[in-house]
Structure formats: C-alpha cells, structure tokens
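Contents: one structure, followed by commentary.
The values are calculated or read from the model by the stated rules, or taken from the named source; none is laboratory data. Bear in mind the structure is a predicted one, so any value in this text is a computation, not a measurement. Virtual Cβ from ideal backbone geometry, glycine too; neighbours counted across all protein chains shown.
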C-alpha cells in the first residue's frame with residue numbers, strides 16, 4: 001500500500017503505526033484525522049512524524065484530490081494493461097531467471113551423498129570421493145552391461161575428464177582392474193540418529209576399506225585382475241525438452257505473475273537429468289596396459305584434440 005502524501009510504499013511499518021494509534025487513544029476518546037489515516041494505513045510512518053493533525057486537515061482537500069487522480073490513473077492502467085515493450089522486457093528477464101533456476105535444479109542419476117563429519121573418514125577416502133573414483137566405480141558396476149562385476153572389486157587405474165568441459169563429472173575414459181572379492185565387509189546396523197545419507201556413506205566407506213585391503217593383499221601376492229577400458233558419455237536425458245510457464249497480467253496489483261494454467265506461456269528448459277551412456281568397452285591384457293600407462297600423456301593430449309575418439313587411440317599407431 002502507498003502513502004497518500006509521499007506515495008512511497010508502506011512496508012514493515014504496521015507495528016509502529018498501530019502503536020501510535022494505541023498511544024493516542026490512551027489520552028483521547030476519539031481519533032483525529034491524522035490517527036484515523038494512520039489506522040487505515042493511508043500514511044507512512046515518516047509522514048505521520050512530519051505532519052500534525054491540524055496541518056493534515058488544512059491539506060486534506062488537496063490530498064484527497066490527489067488520491068482521486070491517482071485512482072483514476074490506476075484504473076486507466078488496469079484497463080489498458082502493460083505496454084508491449086514492458087511485456088517484452090519482463091518476459092526476457094523472466095526467461096533468463098527461470099532458465100538459471102532450472103539449470104540449478106539439475107540432478108545426476110548416479111549420486112553419492114556429500115560427506116559430512118569428515119573427521120571420521122580417512123584422508124585417502126576423502127580424496128577417492130573428491131577425485132570422482134567412487135562415481136567411476138558406480139558407472140562400471142551399474143551401467144556397463146558387458147562387464148560382470150558380481151563378486152569382484154573394481155579398482156580404478158585411471159580416470160580422465162574431458163578437456164575444457166563445461167560440465168562436472170564429464171569423463172572421457174576410465175580404466176579399471178577387477179579383483180575377486182576374498183574379504184567380506186562387516187556392515188553394522190543403521191543407528192537410530194543416523195540419516196539414510198549418512199548410513200549410505202558409512203557403508204560405502206567400510207566397503208572401500210575392505211576393498212583396499214583385499215586388493216593390496218592380492219597385489220603383494222602377484223595376482224593380476226582383468227583390465228577394461230570404458231568410454232562413457234555424459235548426456236542430458238532432458239535435452240531439447242521444455243516446461244510451459246504460464247504468465248498472466250494481474251490487473252489488481254499491476255504486475256505479471258506465474259499461474260498453473262493459462263493462455264500465454266513461455267518455454268523454459270526442463271531441469272537437466274544427467275546420466276551416462278556407454279560408448280565402448282574393451283578388455284585389454286597387462287602388456288597393453290603397460291603401453292597405455294607408458295604413453296598416457298600422449299594419449300590424453302590426443303583426447304584433448306578429438307572429443308569423439310575411439311578405442312583405437314589406446315593402441316600403438318602404425319607408421
């Protein structure tokens with residue numbers, strides 16, 4: 001609501017204004033013009049301090065006439081509606097705002113809850129999670145249909161992200177080695193005060209510790225596992241999909257607002273849903289693995305030049 005004197009919007013002043021009315025009624029039986037207008041939210045706190053009731057009574061005719069003119073102007077605005085330039089400017093700004101909000105709501109189909117209370121985890125495990133190696137294990141375990149990981153630990157030998165990618169978790173290739181599960185994790189029961197996310201992280205940590213110990217034991221005994229190269233591709237399942245945002249002009253408040261259904265709408269991109277498709281996989285022997293690790297820098301540089309590379313990039317190039 002706007003003050004009828006200064007025309008500024010009256011915001012967060014109700015308690016102060018009504019307190020003035022209460023104080024006035026303690027010593028007076030009837031409200032004067034000033035306090036009547038205060039009670040009716042017609043004047044702001046600043047004007048109530050500046051104007052006396054006598055002065056308001058003298059200026060009442062002018063003020064009331066100004067109110068009438070303003071009502072007529074508002075009525076014309078309501079009947080006329082917003083101008084085309086105002087509408088276009090609002091729609092442009094709304095699309096920018098809604099698009100940014102939509103992108104913020106993006107989610108990943110493979111997800112690990114963020115680590116809380118980090119002091120209870122090993123530094124090596126925190127680095128393992130932050131390097132996204134845990135995510136690489138989930139990709140191989142849950143998405144690669146050509147590799148049977150049941151009964152095996154997945155050890156990430158190398159994980160590379162796409163060069164200058166705009167997206168988080170956008171991997172160009174993964175190299176893993178599988179070891180048979182000899183040790184079995186001992187999982188505790190969920191504690192009453194523990195959230196599902198915290199319990200999931202605790203189970204993942206126990207699994208990682210068991211896997212590390214088991215893999216280290218097997219490696220010290222000269223055991224080698226099967227090695228695979230995986231080429232994943234990050235994709236947005238909601239690519240080129242839009243939501244309709246219905247926008248209407250509120251003639252009472254003289255503003256645009258969003259509604260559930262209406263005639264006019266703008267298309268806003270759907271919040272991204274990030275998942276992976278597996279482009280290619282290949283089983284390699286340890287001689288091939290040694291060649292790849294020896295020439296890793298050259299291979300990575302090639303992936304920087306060509307985003308859609310194939311598995312041939314990991315093989316010796318014929319001259």
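More than 30 Å from residue 268 (Cβ to Cβ), outside any strand (DSSP E or B) and within 34 Å of the chain's Cα centre (by Cα): does that describe residue 207?
Taking the combined requirement at face value, the residue satisfies it.
Could you list, in sequence order, the residues of region 226-254 that are out of contact with any strand residue (DSSP E or B) (no Cβ under 8 Å at 6 or more places or on another chain) and exposed (fewer than 14 other Cβ atoms within 10 Å of the Cβ)?
Result: 239, 240, 252, 253, 254.
Considering only region 147-170, state which residues are in a strand (DSSP E or B), over 19 Å from residue 288 (Cα atoms) and touching a helix residue (DSSP H, G or I) at 6+ places or on another chain (Cβ under 7 Å).
153
Given the structure, is residue 101 without any contact (Cβ under 8 Å) to a residue 24 or more places away in the chain and in a loop (DSSP other than H, G, I, E, B)?
Numbers: without any contact (Cβ under 8 Å) to a residue 24 or more places away in the chain: yes; in a loop (DSSP other than H, G, I, E, B): no.
Against the criterion (without any contact (Cβ under 8 Å) to a residue 24 or more places away in the chain and in a loop (DSSP other than H, G, I, E, B)), residue 101 does not qualify.
If you check residue 190 against the conditions, is it more than 21 Å from residue 123 (Cβ to Cβ), without any contact (Cβ under 8 Å) to a residue 60 or more places away in the chain and not assigned by TED's automatic domain parsing to the domain that holds residue 149?
no
So, in region 1-29, how many residues would count as being in a loop (DSSP other than H, G, I, E, B) and either in contact with a helix residue (DSSP H, G or I) (Cβ under 6 Å, 6 or more places away or on another chain) or more than 26 Å from residue 66 (Cα to Cα) (or both)?
Let us first name the residues in region 1-29 that are in a loop (DSSP other than H, G, I, E, B), namely 1, 3-8, 10-13, 28-29.
When the remaining residues are screened for being either in contact with a helix residue (DSSP H, G or I) (Cβ under 6 Å, 6 or more places away or on another chain) or more than 26 Å from residue 66 (Cα to Cα) (or both), the result is 3-6, 13, 28-29.
Final tally of qualifying residues: 7.
In this structure, is residue 299 assigned by TED's automatic domain parsing to the domain that holds residue 229, over 30 Å from residue 106 (Cα atoms), surrounded by 14 or more Cβ atoms within 10 Å (Cβ to Cβ) and without any contact (Cβ under 8 Å) to a residue 24 or more places away in the chain?
Yes.
Residues being within 26 Å of residue 106 (Cβ to Cβ) and modelled with pLDDT of 95 or more: count how many of those fall in region 173-199.
So the answer is 2.
Out of region 135-159, which residues are more than 18 Å from residue 172 (Cβ to Cβ) and either under 25 Å from the mean Cα position of the chain (by Cα) or modelled with pLDDT under 90 (or both)?
The one that is more than 18 Å from residue 172 (Cβ to Cβ) and either under 25 Å from the mean Cα position of the chain (by Cα) or modelled with pLDDT under 90 (or both): 142.
Checking residue 258 against (1) assigned by TED's automatic domain parsing to the domain that holds residue 148; (2) within 22 Å of the chain's Cα centre (by Cα), which test does it fail?
(1)
Of the residues that sit in region 92-116 and are more than 24 Å from residue 277 (Cβ to Cβ) and surrounded by 15 or more Cβ atoms within 10 Å (Cβ to Cβ), which one is nearest to the chain's Cα centre (by Cα)?
Filtering region 92-116 for residues that are more than 24 Å from residue 277 (Cβ to Cβ) and surrounded by 15 or more Cβ atoms within 10 Å (Cβ to Cβ), the one nearest to the chain's Cα centre (by Cα) comes out as 98.
If the Cβ limit is 7 Å and pairs must be 6+ apart or interchain, which residue in region 131-155 that is on the phi > 0 side of the Ramachandran plot pairs with which residue that is part of a loop (DSSP other than H, G, I, E, B)?
Partner pairs satisfying both residue conditions: 132/169; 151/181.
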